[in-house]
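Just so it is clear, none of the values below were taken in a lab; they were calculated from the coordinates. Source: prediction; values computed, not measured. Positions of Cβ are backbone-derived with ideal geometry, glycine not excepted, and every protein chain shown enters the neighbour counts.
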Amino acid sequence: MIEKEVTIVNKAGMHTRPASAIVKIAARYKSDFYISKNNFQVNGKSIIGVMTLAAEQGSKLTLTFDGPDEVWFADEMIKFFENGFGEL
Amino acid sequence: MKDQLRNIKEIRKEFITVDFFYKECMNRFKIKKISGKDIPSKKVITDQDIHRPGLALSGYFDLFTYKKIQIFGNTEIEYLRKITREDRIKNLNKFFSYDVPCIIITDNNDAPPDLKELADKFNVPLFKTSYPTTKFSYFISDFLDDQFSSQIVLHGSFVDVYGIGLLFSGKSGIGKSEIALDLIERGHRLVADDVVVLSKKAETVLMGSGTSLVEHFMEIRGLGIIDVKSIFGIRSIRYQKRVEVIVELELWDQNRTYERTGLDHKNIKILDVDIEFIKLPIFPGKNITVIVEVIALNYLCKHYGYNAAQVFKKKLSRKIHENKLKEKDPRNIEQINRTIEYFEHDFE
């Protein structure tokens, strides 16, 4: 299991477009993927779940990856968060 | 399901503000604000119990649970009226030197002299209700119990099927939302999809609802986001439901054994509440919706005292017992008994 804290850096936050991109990346991997914000944890493979967090710029999220391909999965996803979902 | 539960953190509110408490409760429990000032935003309630400060008002402050909502019933009011002004002011000053969240006077009593002035001076909100103390305490306790209840957030779909709360869990993409949609189409009611918030109500009841952001929006893969309420109307939704059965969906696995009789009741503990747990194997072409409706109806039958698996078990035992007592046919021929021994003339 890999756990990593990330910060939302883009101005618009984790809105619909990034949320949809996140679940599309997640769907390509077998491992389970959870995102939590202030103890509120959702399944990172569900777009409704990801959007429920309504994460704004500056908020801190914990990403959890658990499964056979967690290393590659975590690598791609963390980069995507650090790049501000390509919106910087 | 068990994997999911292992990773989940329990959430519990640490406090509610007095302002929030007042807004939620003023109409519900007939509470009126009688202090002249606005409620200070830093006033919070951190304890789910309430306190009647009779002894404190008489000057005994050892073990005074000042963090609880302070209820002034007939006794407290009458006592404050009877004692001398000097004692009253002395005791109330001491009382207000503790950081009490708020005071509620019950039974439509008027505030005794000096109480309102001192409450205003110390910035403690003062309320009043027309309900008598016991009844009011019951209402408030239930409200606070709910506010401070343990909660978890689960990934799943939650539907009311014939009045039974069925919570579907399973891997992402297995078809939980599609089953929910199919059920809605057949007249059942959606509570929440994808993100389900479960709270413990009392000690033995688990309640579920969606989130205020998502309400009855759901995602259908390939389609996108839809709003169930606007498509199917008011009869297709509800905001809260008791969770009665958890149905875990998984792809049919040849190496697994699945429940065949229904005699071995399986339960799962969520927030320490026992919930019936059914593992349902799915494969293409299997009509899950109908099976799910039968799960709900069978649960209802059991609730009203008819357990099909048990009834059948008894029937079989009785038959075996009869066979044992029966004289054996020396020719060793076993007869199969039809439901109807004699087909009369109904041949169509």
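Matching residues to (1) out of contact with any Cys (no Cβ under 7 Å at 6 or more places or on another chain); (2) within 26 Å of B:ASP145 (Cβ to Cβ); (3) buried (at least 17 other Cβ atoms within 10 Å of the Cβ):
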| position | (1), (2), (3) |
| --- | --- |
| B:SER41 | yes, yes, no |
| B:ASP47 | yes, yes, no |
| B:PHE61 | yes, no, no |
| B:THR75 | yes, yes, no |
| B:LEU80 | yes, no, yes |
| B:LYS90 | yes, no, no |
| B:ILE103 | yes, yes, yes |
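Could you name every one of the strands (runs of 3 or more DSSP E) located completely within segment A:4-88 that has at least 3 residues being in contact (Cβ under 8 Å) with a residue 60 or more places away in the chain and either of a type outside the set (Gly, Ala, Ser) or over 27 Å from B:SER199 (Cα atoms) (or both)? Write out each step before concluding.
Working: elements: A:32-37, A:40-43, A:60-66.
It comes to A:60-66.
Kindly evaluate A:THR52 against the criterion of being touching a strand residue (DSSP E or B) at 6+ places or on another chain (Cβ under 6 Å) and within 11 Å of another protein chain (Cβ to nearest Cβ). So that I can check it myself, show each step before the final result.
Values: touching a strand residue (DSSP E or B) at 6+ places or on another chain (Cβ under 6 Å): yes; within 11 Å of another protein chain (Cβ to nearest Cβ): yes.
So A:THR52 fits the description; yes.
Specify the residue that is surrounded by the fewest Cβ atoms within 10 Å (Cβ to Cβ); the eligible residues are those in segment A:21-47 that are among the β-branched types (Val, Ile, Thr) and more than 10 Å from chain B (Cβ to nearest Cβ). I'd like the intermediate steps shown before the answer.
Looking only at segment A:21-47, we keep the residues that are among the β-branched types (Val, Ile, Thr), and these are A:22-23, A:25, A:35, A:42, A:47.
Add one more test, that the residue is more than 10 Å from chain B (Cβ to nearest Cβ), and what stays is A:22, A:25, A:35.
Working: A:ILE22: 23, A:ILE25: 16, A:ILE35: 25.
This residue is A:ILE25.
Could you check B:PHE127 against (1) over 30 Å from A:SER31 (Cβ atoms); (2) within 13 Å of chain A (Cβ to nearest Cβ) and say which number it fails?
All conditions are met except number (2).
Considering each of B:VAL228, B:VAL243, B:VAL195 in turn, give the residue that is among the hydrophobic types (A, V, I, L, M, F, W, C) and away from every other protein chain (no Cβ under 14 Å). Before the answer, list the steps.
Numbers: B:VAL228 fails: away from every other protein chain (no Cβ under 14 Å); B:VAL195 fails: away from every other protein chain (no Cβ under 14 Å).
Result of the check over B:VAL228, B:VAL243, B:VAL195: B:VAL243.
A:PRO18 is checked against (1) buried (at least 21 other Cβ atoms within 10 Å of the Cβ); (2) more than 21 Å from B:SER169 (Cα to Cα); (3) within 14 Å of chain B (Cβ to nearest Cβ) and fails just one. What number does that condition carry?
If we test A:PRO18 against (1) buried (at least 21 other Cβ atoms within 10 Å of the Cβ); (2) more than 21 Å from B:SER169 (Cα to Cα); (3) within 14 Å of chain B (Cβ to nearest Cβ), just (3) comes out false.
Tell me which strands (runs of 3 or more DSSP E) are completely within segment B:104-184 and hold 2 or more residues being in contact (Cβ under 8 Å) with a residue 12 or more places away in the chain and within 26 Å of B:ILE231 (Cα to Cα), or say none if there are none. Can you show your working first?
Working: elements: B:126-129, B:151-161, B:164-169.
Per the criteria, B:151-161, B:164-169.
Is it the case that segment B:250-260 has a residue that's under 29 Å from A:MET51 (Cα atoms) and under 27 Å from the mean Cα position of the chain (by Cα)? Working first, answer last.
Filtering segment B:250-260 down to residues under 29 Å from A:MET51 (Cα atoms) leaves B:250-251.
If we keep only those that are under 27 Å from the mean Cα position of the chain (by Cα) as well, we get B:250.
The answer is yes; a qualifying residue exists.
Kindly indicate which of B:ILE278, B:ILE268 is free of Cβ contacts under 8 Å to residues at least 40 places away in the same chain and not in a loop (DSSP other than H, G, I, E, B). I'd like the intermediate steps shown before the answer.
Working: B:ILE268 fails: free of Cβ contacts under 8 Å to residues at least 40 places away in the same chain.
Every option except B:ILE278 fails the conditions.
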